[in-house]
């Protein structure tokens with residue numbers, strides 16, 4: 001088994017493929033390329049550490065492929081696309097992408113985003129205090145990095161859990177968009193407020209009940225906080 005970081009590059013433009021593969025390979029990455037079709041199969045056989053996904057692929061809906069990749073794996077997904085519209089970015093994040101990089105891009109920016117995504121998907125093990133946070137029927141085990149609702153496991157992606165962890169270890173405290181972006185995604189993301197909006201919405205969909213109380217409270221134009229247990233009584 002190789003200890004090199006493996007990258008699955010889902011891209012059909014040969015110029016982009018050469019640019020990314022040559023720059024990543026020389027820096028010690030193993031790069032496997034899929035032009036679109038076959039990406040799901042390579043996800044299973046290669047088990048990459050990270051996926052770089054173009055949205056404009058021949059014969060493939062890039063958004064649908066993003067959704068399927070996320071359904072099958074917790075691998076880090078960075079969309080690398082010429083589609084730079086805000087709605088495209090929001091859609092990709094909502095479907096499970098961890099980050100979104102618009103073409104054209106600089107190699108150093110791509111490398112920085114890969115590093116930041118890997119830091120979330122391969123976090124350093126540590127035991128925060130408290131190790132468990134309970135909100136009604138939702139239990140967040142910060143040490144085991146597991147969440148249950150009503151005793152049943154809730155699947156969270158690494159980025160979703162990293163965001164929930166920040167809220168949990170600062171329970172009751174207001175965390176601004178910039179604070180969450182810096183702590184979860186890394187320096188340089190402080191203005192990407194759509195990231196927090198989309199991922200908070202994903203967490204709410206998985207953790208909150210339509211007829212139950214809000215676990216994550218929105219502070220308008222400021223940020224978010226995780227509610228105190230006593231407010232749920």
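Condition first: outside any strand (DSSP E or B) and touching a helix residue (DSSP H, G or I) at 6+ places or on another chain (Cβ under 7 Å). Now tell me which residues in region 6-19 satisfy that.
11
Determine which member of the set 54, 49 is within 14 Å of residue 17 (Cβ to Cβ), under 20 Å from the mean Cα position of the chain (by Cα) and either surrounded by 15 or more Cβ atoms within 10 Å (Cβ to Cβ) or in contact (Cβ under 8 Å) with a residue 24 or more places away in the chain (or both).
54
How many residues, within region 93-123, are in contact (Cβ under 8 Å) with a residue 24 or more places away in the chain and part of a loop (DSSP other than H, G, I, E, B)?
Qualifying residue count, region 93-123: 8.
Filter region 30-60 for residues that are in a strand (DSSP E or B) and in contact with a strand residue (DSSP E or B) (Cβ under 6 Å, 6 or more places away or on another chain) and give the result.
30, 31, 32, 33, 34, 50, 51, 52, 53, listed by residue number.
Out of curiosity, is residue 74 closer than 22 Å to residue 159 by Cβ and surrounded by fewer than 18 Cβ atoms within 10 Å (Cβ to Cβ)?
The answer is yes for residue 74.
Hey, among 111, 156, 118, 152, which residue is at negative phi and crowded, with 19+ Cβ neighbours inside 10 Å?
156
Tell me, which residue of region 61-77 that is out of contact with any strand residue (DSSP E or B) (no Cβ under 7 Å at 6 or more places or on another chain) and not in a helix (DSSP H, G or I) is farthest from residue 36 (Cα to Cα)?
Going through the qualifying residues, I end up with 74.
Values in this text are rule-based calculations from the coordinates and carry no lab data. Not measured: the values here are computed from a predicted model. Here the Cβ is made from the backbone with ideal geometry for all residues, glycine too, and neighbour counts use every protein chain on show.
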